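The values are calculated or read from the model by the stated rules, or taken from the named source; none is laboratory data. Note that the structure is a prediction, hence the values are computed from the model and not measured. Glycine also receives a Cβ, built like all others from the backbone with ideal geometry; neighbour counts cover every protein chain displayed. Heavy atoms of the whole protein, side chains included, go into the accessibility calculation; ligands, DNA and RNA do not. Shrake-Rupley method; radii C 1.70, N 1.55, O 1.52, S 1.80 Å.
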Amino acid sequence: MVELTLVHWIYVVVVIIVLAVMIMRRDTLIPCVIGIFLMGLASKKGIVGAAGGIFNSFVVAGVELLGIIFIISVIVSMSRLLEDIGANQLMIRPLTKLIKTPNQAFWFIGIVMLLVSWFFWPSPATALVGAVLLPVALKVGLPAIGAAVAINLFGHGLALSSDLVIQGAPTITASTAGVNVAELTSKGIPLFAVMAVVTITAAYILLKRDMKNGTLKLDNTMIKESDTEEKEVRPVAKIAAFIVPIAFGLNILAMFMFELRGGDATALIGGTAVLILVVLCFLEYKSKALEKITDYIKAGFVFGIEIFGPIIPIAAFFYMGDMGSFSQVMGAGALPAASQGILADLGTALASVAPMNRPTVAIMEMGIGGLTGLDGSGFSGLSLAGAVAKVFGTAVNGSIAVLAALGQIGSVWVGGGTIVPWSLIPAAAICNVPPMELARRNLVPVMIGLIVTTIVAIFLI
């Protein structure tokens, strides 16, 4: 076993501080930056080298996350254009004819939200699905809170935690866990499915019970005839509504035919989004297309940097737990010669001194993932969840990928917009319901789902 050095202990102390700060619902960027600086000093790089190490660690994290920042940015750029020309509503509006009952409305809204979120991210999907389908749901008798629950659980819960298409969440988690994104996704699918089925079914049962006993009543004042009237659309919107689903459908087909995974699949989707953006800009704005496409790209990247700006410094600290990233920043001689990296060393040491077993590490991984989600972002704790999964998986000689997926579920379902009131404001606002009421209604189903998923994970580790 490698002897733990001062660098190892600094890492452990900072992780504990980060958890404590997250429990207090405060930002963790400063502890992470200070942690990198202290590890630089402990690596005998001096004050100048330690200060430079902070920036270099940001560069390492930025390079790791750059593909995800880009894909989300270009997807948002395209979705902004689709929204401006009205194509987003046109793509979904024909589906509203399939909704006849409250039951159909709940599941239909949820499934549409899931599909749209996988391709366009839950934030823009919330506005799109809510604006188009909420009036229809209200007309057939589904209370607004029911629609909000469906949007939350399918979008900010299932879609964001699995993230099967854009792969933003699994990329961040896998990078600090030291596993392949495809491995994390494939081994995490049973957990994603269990969490979704248990949570959404429980929420649906509780919703139906309250509708039956009269606790939930439909607010007829929210229903407006104009909301569901067909609006005149421009020719470009009709073209977009036709080519966008076909293009992404072909993307999915290509992924299966050519076995595209991870970065290759992400690159295909991102390139397709940019090509669609270029074509539609020329069709809609003609001579002004050269300037308009710049505006859309700029808006998309502003969104991407706004989301990932605070995450990069946090991820930078946790990347220091990997031998490759640490050596890039601090130098190869900063750790003992036999070291496999800070996280691997800690996992080996933990296994030798503590009675670690699979139930224990599964519960701890889910607990840490949930705690990191209390800040309301759902993403800021993914690096920690991946890092801890590597420690625990090494300690019990179990599947790091399964543990990482479990921590990812805990972080995203808690903080991504399902039970933390300050993170679900968009869904609450679009459905005109109080955020606290939506959080309370989601709390019991989500907690049941987290418990059941943790139990299932124990057998899969």
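Percent of Cα-Cα pairs more than 42 Å apart in the chain, please. The answer is 18 percent, as a whole percent. Spacing of the modelled spin labels on E3 and N180, each 7 Å from Cα toward Cβ, amounts to 3.8 nm.
Got the relative contact order for the range 287-401 handy, in percent, Cα pairs under 8 Å and 6 or more residues apart? The partial results should precede the final answer.
Details: 88 pairs, mean separation 31.1, N = 115.
Normalised by residue count, the contact order of the range 287-401 is 27 percent.
Distance between the modelled labels on D84 and I425, one decimal in nanometres: 2.6 nm (7 Å Cα→Cβ projection).
In the chain, helical runs assigned H by DSSP with n ≥ 4 each contribute -39500 (n - 2.57); averaged across all residues and rounded to the nearest 500, the mean residue ellipticity at 222 nm is -24500 deg cm²/dmol.
Roll a 1.4 Å probe over the protein chains and send me the accessible area per residue for the chain in Å².
Numbers: 19050 Å² over 461 residues.
Accessible area per residue: 41 Å².
Taking 20 Å as the straight-line reach from the Cα of K187, the lysines in range (excluding those fewer than 8 positions away in the same chain) are K390. Under the simplified labelling scheme, the E259-K97 pair shows an inter-label distance of 4.3 nm, with each label point 7 Å from Cα along Cα→Cβ. Annotation for the range 98-171 versus the range 298-341: alpha-carbon center distance of 34 Å. Shown in residue order for the range 431-436 are the 3J(HN,Hα) couplings computed by the Karplus curve 6.51 cos²θ - 1.76 cosθ + 1.60 at θ = phi - 60°: 9, 6, 10, x, x, 5 Hz (x for Gly and Pro). For the peptides 99-112, 78-91, 4-17, residues were scored by their other Cβ atoms within 10 Å and the scores averaged per peptide; the highest-first order is 78-91, 99-112, 4-17.
Split the accessible area of the chain by element, probe 1.4 Å, and carbon with sulfur accounts for 68%. Compute the helix-to-body angle for 122-139: its Cα long axis versus the longest principal axis of the chain, expressed 0 to 90° and rounded to tens. Approximately 30 degrees, to the nearest ten.
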